[in-house]
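The values are calculated or read from the model by the stated rules, or taken from the named source; none is laboratory data. Just so it is clear, the model here is predicted, and its values are computed rather than measured. Neighbour counts run over all protein chains shown; Cβ positions are idealised from the backbone, glycine included. Protein only, heavy atoms only, side chains kept; ligands, DNA and RNA dropped before computing areas. Shrake-Rupley method; radii C 1.70, N 1.55, O 1.52, S 1.80 Å.
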Amino acid sequence: AFAAISEKQSLLRVPPWANPYLGLGMLAQVGLHSCILYIPKLRNMFKVRALDVDDWRLVLCYAAPVLLLEEALKLAHRLIEPPAKQTAALRAQQR
């Protein structure tokens, strides 16, 4: 979700705290999932098991390429799309 803070700018340029509501939403979501995974009564109710270190590594292995792909697409978009100032100048010249 943090990769979607900006459609065109990299996560390195637009920090995660740029949208505090997104951060709070992510924190709430991670907190709820953690409660379900690590509180025994909730774990039994939802019929899930707690994740161990190997499971978390697998989650990161699936999540990291998605983040990298999203950042690569943003970079390609910035390289292909001309800046707004250049576009406005070209339109003014054509008139």
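Near V14, once Lys and Arg are set to +1 and Asp and Glu to -1 for all other residues with Cβ below 11 Å from its Cβ, the sum equals +2.
To put it simply, the accessible area of the stretch 24-85 at a 1.4 Å probe is 76 percent carbon and sulfur.
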